[in-house]
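Comments concern the structure below.
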Protein chains: 2
Amino acid sequence: MRDPASFAGLIIREKDPENLEFPFSSLNSFVTPNEQFFIRSHFAVPKLNPRSWRLKIEGLVDRPCQIDYNDLLRLPSRSVTTTLECAGNSRIFLTPKVGGLQWGLGAVGNAEWTGVPLAAVLERAGVHAGTVEVVLQGGDAGEIKKEPQSPGKIHYARSLPLEKALRSEVILAYQMNGAQLPMSHGFPVRAVVPGWYGMASVKWLTRIVVTDRVFRGYFQTSDYAYWDQPEGLPIQLLPVAEVEVKAQIARPALHEVVRANSVYRMHGAAWAGESEVTKVEVSTNGGRMWKPAEFLGAASRYAWRLWEYTWHTPSRVGRYTVMARASDARGRVQPMHRDPHRGTYMISHVQPIEVEVQESAPPPPTDRYTI
Amino acid sequence: MRDPASFAGLIIREKDPENLEFPFSSLNSFVTPNEQFFIRSHFAVPKLNPRSWRLKIEGLVDRPCQIDYNDLLRLPSRSVTTTLECAGNSRIFLTPKVGGLQWGLGAVGNAEWTGVPLAAVLERAGVHAGTVEVVLQGGDAGEIKKEPQSPGKIHYARSLPLEKALRSEVILAYQMNGAQLPMSHGFPVRAVVPGWYGMASVKWLTRIVVTDRVFRGYFQTSDYAYWDQPEGLPIQLLPVAEVEVKAQIARPALHEVVRANSVYRMHGAAWAGESEVTKVEVSTNGGRMWKPAEFLGAASRYAWRLWEYTWHTPSRVGRYTVMARASDARGRVQPMHRDPHRGTYMISHVQPIEVEVQESAPPPPTDRYTI
């Protein structure tokens, strides 16, 4: 199905199951090529045959049904370009260290996904009044070995509140950047939930269950949860959901050697969940002064915005700290400090990048973005 | 406040915070004396002064209010005799070993609690239509050090569905067996939630919050949860709630030496959550034959039933396995085998007790129960 060589550029964070990271310093295009897109797997990749694959829609629906692959391909489709970021992206920067995969900057990518709106499938099945959530279950299954240990194998599953499930951007995707969905990205069909962290975009989708209760699956109670205290209630562990506003620097990379007294093109990407990035600011002196970066494309919901900044590097050699921070249309500004309520997820605070300014340095990359 | 010597008979499972177990083989009364009642603490015991103590009632209520200790004592009270069992009772018998406090048989006790029905307090505050749950918060707080690590100190809290919260047996107790509630048992006021595992009976109660959402506190998502798959939904981690049906043997104790060819009084207790124990059966040959035990009192909801069985011990010396199992009015029968869905909680499967039958043995205890 896939050529192992095609993933050659990815950083292995875990080999089995497959957890591979995009080398973010190589960012040079608006759309991340399929073979460069990060891979997050909780269990072994299930080998699903599109001929026998069925998507069951059940629970509180008038017409429980099964959709096969050809049925799905015949339904009206739409494409949505969206950034998917793993909820644990940037975890390696947390101090003190926490458990979980030690992602750097590259558990994020941006692709054009094509498929059938989840709303259309739900409408066909006829969702009952009183529905609260829609549970998406993947064909991938395995054992949870840390506590709470699972009773044998469990399937990956996540729920969406009905309101989000019915939004037009949420699709059951069978194409990624115009090609058939790759095996590691959920072949034959995955959910794509723009604006939410990647854990909501259930891969290898096989089952949709409509329910009038809040779903309490493992991946939204014990795992993929963060601390919050809404509406004066005692503190809770809520399911990780919407993506935070965040800018990341592709170049300079951490500890990169930069030539003194030169013109250096800093660049990166920024995203804002269900909102739009309106501003990226850059600091090249450890956060004392901030200057606006320039965007390389218009704002659009769900997709990241590439940005660049022309840095006139200092004449004095030494160690310098560069940073970037994003703001969005909702007024959210990327925070400078880590909020411990977020546990091991939603790591969006500004990451200082230390660079070495030296008399001579390798020439900066001349690539321009492919937009 | 308390004399450490008064807890001399309890088994220390953890010293700080205080987690002490009743030596179940010494069971000899229907009501467990206060100083013999097991203690389960998540955090250090808070020192609450009844003069400054207030119980806040807030959230979706018409009249948010604070009740002080004297107010509460003036409200109409009721007494309820109920068994409280820790959800982790008997954990030491699980194989393979699991994390958590290694309780034997004695994280259970039966007491008469006196206080004000929670329903009366909720009625006074005026609960809004659409209320789903009532959250009970304790004055005890501390840090969760394992993942998910808490952001600083959090308070102990648990919720009840409104339907359970309004049941007449659920009380805010200020007396235990006719005495002022001891410090370690929640002084000045604790919830007592008959029929549910002990974690619902929030101690050192300071705050009640009425809400239209399902509460997802730490102690009912990551902790005190079990695996279940209701209504065809993918598997979930649900909050531990109602107590399972269970009989425990007090004597013979594990590995007790019993005299051959003698008359031995086996005895113990059985309970059934919100139901009533209707039958206890005993096997003295490893489960091949079961014979009915006799009850020492009438069935009553919420309180355990003491039982005894006259065992004519075998003439052949050697190792024998004795067991007891309970049934309840709802038709539940205590299972023979552990269900792995229950994780580290709700440990109610039949426990085989191995005893040594020998030619001579210490005389069996002659105590009769105090009922």
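Does A:Glu294 meet the test of being touching a Phe, Trp or Tyr at 6+ places or on another chain (Cβ under 8 Å) and free of Cβ contacts under 8 Å to residues at least 24 places away in the same chain? Walk me through how you get there before you give the answer.
On the way: touching a Phe, Trp or Tyr at 6+ places or on another chain (Cβ under 8 Å): yes; free of Cβ contacts under 8 Å to residues at least 24 places away in the same chain: yes.
Judged against the criteria, A:Glu294 is a match.
Taking the criterion of being part of a strand (DSSP E or B), of a type in the set (A, V, I, L, M, F, W, C) and under 9 Å from A:Val209 (Cα atoms), the only residue of the range A:48-60 that qualifies is A:Ile57.
Look at the range A:152-166: where a residue is farther than 18 Å from A:Thr221 by Cβ and more than 11 Å from chain B (Cβ to nearest Cβ) and a partner is assigned to a helix (DSSP H, G or I) and small (Gly, Ala, Ser), sitting 6+ places away or on another chain with Cβ atoms under 7 Å, you get A:Leu166/A:Ala119. Selection of the range A:146-165 for residues being in contact with a helix residue (DSSP H, G or I) (Cβ under 9 Å, 6 or more places away or on another chain), assigned to a strand (DSSP E or B) and of a type outside the set (D, E, K, R) yields A:Ile154, A:Tyr156, A:Ala157, A:Ser159, A:Leu160. Taken residue by residue, the range B:104-118 has no member that is within 14 Å of another protein chain (Cβ to nearest Cβ) and of a type outside the set (Lys, Arg).
For the range B:209-216, the criterion of a residue being more than 11 Å from chain A (Cβ to nearest Cβ) and basic (Lys, Arg) is satisfied by no position.
B:Leu101 fulfils the conditions (1) more than 12 Å from chain A (Cβ to nearest Cβ); (2) more than 23 Å from B:Ser348 (Cα to Cα); (3) surrounded by fewer than 17 Cβ atoms within 10 Å (Cβ to Cβ); (4) in contact with a Gly (Cβ under 9 Å, 6 or more places away or on another chain) except for a single criterion, (2).
Tally the residues that are surrounded by 13 or more Cβ atoms within 10 Å (Cβ to Cβ) and within 23 Å of B:Trp196 (Cβ to Cβ), restricting the search to the range B:276-299. Count: 7.
Contact annotation: residue pairs with Cβ atoms under 8 Å, 6 or more positions apart or on different chains, pairing a residue in the range B:196-220 that is of a type in the set (Asp, Glu) with a partner that is at pLDDT 95 or above, are B:Asp212/B:Leu60; B:Asp212/B:His128; B:Asp212/B:Gly130; B:Asp212/B:Thr131; B:Asp212/B:Val132. Of all residues assigned to the range A:127-146, at least one qualifies as being over 18 Å from the mean Cα position of the chain (by Cα), farther than 30 Å from B:Asp223 by Cβ, more than 14 Å from chain B (Cβ to nearest Cβ) and touching a residue at least 60 places away in the same chain (Cβ under 8 Å). Going by the conditions given, is A:Gln175 surrounded by fewer than 21 Cβ atoms within 10 Å (Cβ to Cβ), more than 19 Å from the chain's Cα centre (by Cα) and not hydrophobic (A, V, I, L, M, F, W, C)? For A:Gln175, the condition - surrounded by fewer than 21 Cβ atoms within 10 Å (Cβ to Cβ), more than 19 Å from the chain's Cα centre (by Cα) and not hydrophobic (A, V, I, L, M, F, W, C) - is not met. Taking the conditions exactly as written (over 23 Å from the mean Cα position of the chain (by Cα) and either away from chain A (no Cβ under 14 Å) or surrounded by fewer than 17 Cβ atoms within 10 Å (Cβ to Cβ) (or both)), does B:His267 satisfy them or not? Here the answer is no, as B:His267 does not meet what is asked.
Right, A:Trp307: without any contact (Cβ under 8 Å) to a residue 60 or more places away in the chain and more than 30 Å from B:Lys145 (Cβ to Cβ) or not? In short, no.
Scanning the range A:83-98 for residues that are touching a Gly at 6+ places or on another chain (Cβ under 8 Å), more than 16 Å from A:Val245 (Cβ to Cβ) and within 14 Å of chain B (Cβ to nearest Cβ) returns A:Gly88, A:Arg91, A:Val98. Evaluate the following for B:Ile39: is it touching a helix residue (DSSP H, G or I) at 6+ places or on another chain (Cβ under 9 Å), over 30 Å from B:Gln351 (Cβ atoms) and surrounded by 19 or more Cβ atoms within 10 Å (Cβ to Cβ)? No; evaluated as a whole, the condition is false for this residue. Going by the conditions given, is A:Ser159 within 27 Å of B:Pro340 (Cα to Cα), among the hydroxyl-bearing types (Ser, Thr, Tyr) and crowded, with 24+ Cβ neighbours inside 10 Å? Considered against the rule, which asks whether it is within 27 Å of B:Pro340 (Cα to Cα), among the hydroxyl-bearing types (Ser, Thr, Tyr) and crowded, with 24+ Cβ neighbours inside 10 Å, A:Ser159 comes out as yes.
Note on the range A:79-102: among residues that are touching a strand residue (DSSP E or B) at 6+ places or on another chain (Cβ under 6 Å) and outside any strand (DSSP E or B), the one that is farthest from A:Gln36 (Cα to Cα) is A:Leu101.
Inspection of the range B:236-258 finds a residue satisfying the criterion of being in contact with a Gly (Cβ under 6 Å, 6 or more places away or on another chain) and either basic (Lys, Arg) or within 14 Å of chain A (Cβ to nearest Cβ) (or both). Selection of the range B:217-235 for residues being of a type in the set (Phe, Trp, Tyr), closer than 16 Å to B:Pro340 by Cα and facing chain A (nearest Cβ under 7 Å) yields only B:Trp227. Pairs needed: first member in the range A:81-99, over 30 Å from A:Thr114 (Cβ atoms); second member anywhere, of a type in the set (Ser, Thr, Tyr) and surrounded by fewer than 23 Cβ atoms within 10 Å (Cβ to Cβ); C-beta distance under 7 Å; at least 6 residues apart or different chains. So the pair list comes out as A:Arg91/A:Thr344; A:Val98/A:Thr344; A:Gly99/A:Thr344. Restricting attention to the range A:243-264, the residues that are over 20 Å from A:Asn110 (Cβ atoms) and crowded, with 21+ Cβ neighbours inside 10 Å total 3.
The values are calculated or read from the model by the stated rules, or taken from the named source; none is laboratory data. Bear in mind that the values here come from a model prediction, so they are computed numbers and not experimental data. For neighbour counting, all protein chains shown are included, and Cβ atoms are generated from backbone atoms with ideal geometry for every residue, glycine included.
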